[in-house]
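Inspection log for the structure reproduced underneath, given as structure tokens.
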Amino acid sequence: MPTNQTVQLNDGNTIPQFGYGVWQVAADVAEDVVSKALQIGYRHIDTAKIYGNEEGVGRAIAKSGIPREELFVTTKLWNDDQGHDSALQAIDASLERLGLDYVDLYLIHWSQPEKGKYVETWKAFQEIKESGKARSIGVSNFTEKALQDVLDTGVVPAVHQIELHPYFTQERLREIGAQHQIVTEAWSPLGQGKAELQDETIGEIARAHDATPAQVIIAWHLALGNVVFPKSVTPERIQENWDAQELTLSQDEIERISGLSREDGRLGPDPADFND
């Protein structure tokens, strides 16, 4: 598979299927590690207001010399900015921190179902897209009901970013996404901790390909059509993750990894209950 392969979005734009995530990357580290990723060849960077590192991402982009149109930058609206007017203000603040005129993708970070502001916020997102401040708009960590509510506005999200890894494959939400041509993005794509990286099935497949377990999991995501952006601050791992794009798994191997999913596989908060 060629590097920087793109996926078509339902709004006519495209997104690099493989990228670099900066969740839990400290603000004073972000500039250096994003610069390293861009030097390796990454062109898709995923950040968020709550990560506290938009400024560092922006500095890395500015000094990279890479033409803006060759980059794909995602950021996200945090929960306390939900609502029509506050969402319109939040995108301006994120753009200022990033030093950009627009982002390629803007996401509502969590649905917060009990607060009930996500439809109002989604309507503001439509205005943000029309203004050109975001080329594409989408959602993150939405429940099935919340996703249907935004679909009922008549504007379909381009992307749904959700927790997704071999122990938690999110088949139902991926099916809904496919029905509406919503691209699924995976956060925590390698899981958290070492459990999945030490899984015997994944290890066996890795040995067969002379690859690392992390590379096998990334290749599995790419084979499923997920957009994925693993995070690492180690230069060798950033390179190793990038090289996973060259790994091709058999259909049997893909199915074996998918078969690892568990009912208790969720690692992060449940969007149905996360209202902070």
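The values are calculated or read from the model by the stated rules, or taken from the named source; none is laboratory data. The shown structure was predicted, so the numbers you read here are calculated from the model rather than taken from an experiment. With ideal geometry, Cβ positions are generated from the backbone for all residues, glycine too; neighbour counts draw on all protein chains shown. Ligands, DNA and RNA are excluded from the accessible area calculation, which covers all protein heavy atoms including side chains. Shrake-Rupley method; radii C 1.70, N 1.55, O 1.52, S 1.80 Å.
Tabulated data for the structure shown
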read-out	value
Lysine pairs meeting the criterion (Cα under 19 Å, 8 or more apart or interchain), as found in the chain	20
Accessible surface, per residue, of the chain when the full set of protein chains is kept, probe 1.4 Å, Å²	43
DSSP beta bridges in the chain [antiparallel fraction, %, rounded to 5]	15
Spatial separation of Cα centroids for the range 220-276 and the range 70-119, in angstrom	24
For the range 1-91: rounded, prolate or oblate by the Cα gyration tensor [a/c cutoff 1.5]	oblate
Packing-based order for 230-241, 48-59, using average beta carbon neighbours within 10 Å, highest first	48-59, 230-241
Residues whose placed amide H lies under 5 Å from that of residue 227, excluding near-sequence neighbours	184, 185, 186
Shape category assigned to the range 218-276 from the gyration tensor of Cα positions, a/c cut at 1.5	oblate
Cα gyration tensor, the range 104-251 - rounded (a/c under 1.5), prolate or oblate	prolate
Under-5 Å amide H pairs with residue 137, H placed in peptide plane, nonlocal only	106, 158
Among 75, 14, 121, residue whose mean-square fluctuation peaks in a GNM of the chain (springs only between Cα atoms under 10 Å)	14
Virtual spin-label span in nm between residue 208 and residue 63, 7 Å along Cα→Cβ	4.4
Computed [θ] at 222 nm, helices only, for the chain once each DSSP H run of length n ≥ 4 contributes -39500 (n - 2.57)	-12000 deg cm²/dmol
Accessible carbon and sulfur surface of the range 90-218 relative to its total accessible area, %, 1.4 Å	44
